[in-house]
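Participant: One structure follows; several queries about it will come next.
The values are calculated or read from the model by the stated rules, or taken from the named source; none is laboratory data. Since the structure is predicted, the reported quantities are computational estimates derived from the model, not experimental observations. Glycine also receives a Cβ, built like all others from the backbone with ideal geometry; neighbour counts cover every protein chain displayed.
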Amino acid sequence: MIEEMYGIKYKRPEVVLLQETGIGVAETAARTCYDSFTNSENDVIKELECKLPDEAMCKELNSIEESALLDDLAWTYFHHSILEHANLSYLIRGTSRGVLQEHARHRIQAISVRSTRYTMSGIINAFVASKHGGDREFFIDIVESYDMFVTADSAYNRLEIGAMYDKLDYQFHTLEDFYSIAVAKSSLPLLEEFANEPKKLYDALQSGKKKRNVGDAFKHIITDNVKVDMVVTFNLRSLKNYFSLRESGAAYFQIRWLAQEMMKVTPKKYLDLIIKKK
């Protein structure tokens with residue numbers, strides 16, 4: 001989905017719920033606190049009063065869809081620590097590095113993010129090829145095809161890519177060992193083999209060995225507009241905090257969009273415990 005903000009078109013992120021642990025463990029935790037297993041409306045919870053669960057019981061426990069006790073604790077007594085026993089993991093595609101910066105402020109989460117240290121070789125290969133028979137437009141055309149920005153305006157994105165080229169070109173003229181930093185040693189002979197054939201050089205570099213940690217020297221060329229893919233895992237209490245802050249109209253619009261997309265794929269049994277009913 002594309003939306004316009006401040007005169008620029010943006011792409012919304014895509015979100016998939018990868019896994020959920022269910023609310024049964026959270027109710028078990030709450031019942032343990034109050035020693036009230038027999039009061040549960042869920043038969044498998046009642047059985048925990050006098051026996052340890054076997055594999056079949058654990059499966060049934062994790063399939064619980066409703067818990068009156070959790071609802072009561074969440075909205076009447078605000079005993080939210082029991083929500084920490086439920087976890088959800090999301091795969092997020094196409095949010096921005098600017099959102100990643102906002103995400104870092106949420107302390108209690110597990111987050112794994114696409115690394116710029118290891119994933120910038122295509123950009124560097126396009127630049128190297130542009131210096132061997134190509135030009136600035138050659139570089140811009142290739143990098144634009146990567147669809148690497150959250151902005152959805154070709155003219156604007158080409159400005160971004162042009163700025164990337166200019167930063168790389170600055171280093172190209174100031175570093176004596178630019179190619180040794182930018183290209184794997186085994187691929188250096190390709191620079192002579194395809195000296196005036198930029199497309200063939202680019203393809204050969206792409207097929208060859210990638211320079212390890214190439215982003216170390218060049219990751220400064222990208223901006224907060226660059227797309228980020230990540231997997232995040234929240235416990236339910238932290239997710240409650242995240243949604244309350246980030247789905248708000250006061251939040252940065254891109255992280256608000258992300259929170260909205262995450263809410264869309266979050267099952268109702270969790271939302272009922274963390275989103276105030278209107």
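Participant: Give the residue, chosen from ILE64, ILE45, ILE92, that is in the same structural domain as LYS264 (by TED's automatic domain parsing), over 30 Å from ASP229 (Cα atoms) and outside any helix (DSSP H, G or I). Walk me through it before giving the result.
Facilitator: On the way: ILE45 fails: outside any helix (DSSP H, G or I); ILE92 fails: over 30 Å from ASP229 (Cα atoms).
Matching residue, one of ILE64, ILE45, ILE92: ILE64.
Participant: Search the range 46-88 for residues being among the β-branched types (Val, Ile, Thr) and in contact with a helix residue (DSSP H, G or I) (Cβ under 9 Å, 6 or more places away or on another chain), and hand back the single one that is farthest from VAL16 (Cα to Cα). Outline the logic, then answer.
Facilitator: Residues of the range 46-88 that are among the β-branched types (Val, Ile, Thr), as a first pass: 64, 76, 82.
With in contact with a helix residue (DSSP H, G or I) (Cβ under 9 Å, 6 or more places away or on another chain) added as a condition, the list becomes 64, 82.
Values: ILE64: 21, ILE82: 25 Å.
So the residue we want is ILE82.
Participant: Going through the range 124-150 one residue at a time, which ones are surrounded by fewer than 21 Cβ atoms within 10 Å (Cβ to Cβ), of a type in the set (A, V, I, L, M, F, W, C) and within 18 Å of GLU193 (Cα to Cα)?
Facilitator: Scanning the range 124-150 gives no hits.
Participant: Next question, about the same structure. Filter the range 126-179 down to the residues that are touching an Asp or Glu at 6+ places or on another chain (Cβ under 8 Å) and of a type in the set (A, V, I, L, M) and list them by number.
Facilitator: If the condition is that a residue be touching an Asp or Glu at 6+ places or on another chain (Cβ under 8 Å) and of a type in the set (A, V, I, L, M), then ILE161 is the only one that fits.
Participant: Continuing with this model, one more query. Report, ordered by the first and then the second residue, all pairs with beta carbons closer than 6 Å, sequence separation of six or more or different chains, a first member in the range 250-267 that is in the same structural domain as LEU236 (by TED's automatic domain parsing) and among the charged types (D, E, K, R), and a second member that is surrounded by 16 or more Cβ atoms within 10 Å (Cβ to Cβ) and not in a helix (DSSP H, G or I).
Facilitator: Within 6 Å, the pairs are GLU261/PRO13; GLU261/VAL15.
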